[in-house]
Amino acid sequence: MKIGVLGAGMMTEALAAGWIRAGHDVLIGGRTPDKTADLAKRIGARAGTLREAAEFGDVVLLAVRLEGLEKTLRAAGAPQGTLAGKTVIDCGNAVDVSDFSQITYENGTSMAEEIARLSPGAHVVKAFNQAHASVWRMQPPAFDGRPLTVPMAGDEAGKTAARTLITDLGATPLDTGDLTQARHLEAMAIIVIRLLFSGHDLLSAFTFTGPAEASTSS
Ligand SMILES: NC(=O)c1ccc[n+]([C@@H]2O[C@H](COP(=O)([O-])OP(=O)(O)OC[C@H]3O[C@@H](n4cnc5c(N)ncnc54)[C@H](OP(=O)(O)O)[C@@H]3O)[C@@H](O)[C@H]2O)c1
């Protein structure tokens, strides 16, 4: 698969390196050319501008901080249609880091829906936002022998490629529905981030009693 990446930070390094190991062809587009070129060299990708990455990929990963979202999409030519017909994967978190509150858009819509609004014709999928970059560096991302489950939400055309890219990292995709479900994935990430930054054990918070055990307990 040809994958264009918008952003040259921690998430790009972790996810793109895994996809390159799986045999995909990656071009990283960044706003800071030296940093982008260094990262691309380190992981065996090509480097270019944001627009070149948008044009290169059949799939485009958007991995920038929220404050740079609109600027990045405009520099990539998204409003002019450079992402039309492509799968756009949004791994971002809509979080205000001053108080770890959630940022939403008009009528409570999500960051992923905002990306779809700014990128006419793109097949936007929310995925990869729940786990820290260090998890995506694991080969494979598994805990106690169980592969990581990766919830995703988006339109059907985009989810086919997202499923492949999740599986290629050694994780298991979980389809949570259409793009409106990104609102829940973004809200859930706020809780995850708060737990992480307050030093709580995430696994203890998200380990639930399974139905089999629940049905036998009184
Ligand atoms: N890090 C994690 O563990 C993690 C986990 C899950 C989800 N996420 C989400 O994934 C996204 C990327 O995270 P990251 O950790 O990769 O971020 P990062 O390393 O801090 O930066 C990613 C990219 O955002 C660009 N950027 C930052 N501020 C910008 C601005 N004001 N205007 C334009 N571009 C800007 C940076 O540009 P330069 O290259 O010029 O610095 C960089 O290329 C974020 O939405 C984050 O919430 C992160």
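The values are calculated or read from the model by the stated rules, or taken from the named source; none is laboratory data. Computed from a prediction, not measured in an experiment: that's the story for all the values here. Cβ placement follows ideal geometry from the backbone for every residue including glycine, while neighbour counts extend to all protein chains displayed. These area figures cover heavy atoms from the full protein model, side chains too; ligands, DNA and RNA do not enter into them. Shrake-Rupley method; radii C 1.70, N 1.55, O 1.52, S 1.80 Å.
Observations, loosely collected:
- Residue that is farthest from the ligand (Cβ to nearest atom), among those in region 6-24 that are open to solvent by 40 Å² or more (accessible area, probe 1.4 Å) and in a loop (DSSP other than H, G, I, E, B): Gly23
- The selection criterion, being assigned to a strand (DSSP E or B) and either among the aromatic types (Phe, Trp, Tyr) or closer than 20 Å to Leu62 by Cβ (or both), does not hold for Ala161.
- Per the conditions (1) open to solvent by 30 Å² or more (accessible area, probe 1.4 Å); (2) within 14 Å of the ligand (Cβ to nearest atom), the sole criterion not satisfied by Gln80 is (2).
- Between Ile3, Ile89, the distinction of being crowded, with 23+ Cβ neighbours inside 10 Å and within 14 Å of the ligand (Cβ to nearest atom) belongs to Ile89 only.
- Residues (over 21 Å from Asp168 (Cβ atoms), of a type outside the set (Ser, Thr, Tyr) and assigned to a loop (DSSP other than H, G, I, E, B)) located in region 82-121: Leu83, Ala84, Gly85, Asn93, Ala94, Val97, Asp99, Phe100, Ile103, Pro120, Gly121
- Test: residue in region 30-45 that is modelled with pLDDT of 95 or more, part of a helix (DSSP H, G or I), open to solvent by 50 Å² or more (accessible area, probe 1.4 Å) and near the ligand (Cβ under 8 Å from one of its atoms): yes
- Candidates Leu69, Leu27, Leu61, Leu73 - the one that is part of a strand (DSSP E or B), in contact (Cβ under 8 Å) with a residue 40 or more places away in the chain and open to solvent by less than 70 Å² (accessible area, probe 1.4 Å): Leu61
- Looking only at region 69-90, residues that are at negative phi, in contact with a strand residue (DSSP E or B) (Cβ under 8 Å, 6 or more places away or on another chain) and not aliphatic (A, V, I, L, M) come to 4 in all.
- Yes/no for Ala187 being surrounded by 16 or more Cβ atoms within 10 Å (Cβ to Cβ) and on the phi < 0 side of the Ramachandran plot: no
- Boolean, Ser134 is within 15 Å of the ligand (Cβ to nearest atom), surrounded by fewer than 23 Cβ atoms within 10 Å (Cβ to Cβ), over 19 Å from Thr12 (Cα atoms) and of a type in the set (Gly, Ala, Ser): no
- Filter result for the condition that a residue is under 24 Å from Glu106 (Cα atoms), of a type in the set (D, E, K, R) and modelled with pLDDT under 95, over Asp201, Asp155, Asp178: Asp155
- Selection status of Ala182, open to solvent by less than 50 Å² (accessible area, probe 1.4 Å), more than 16 Å from the ligand (Cβ to nearest atom) and among the hydrophobic types (A, V, I, L, M, F, W, C): no
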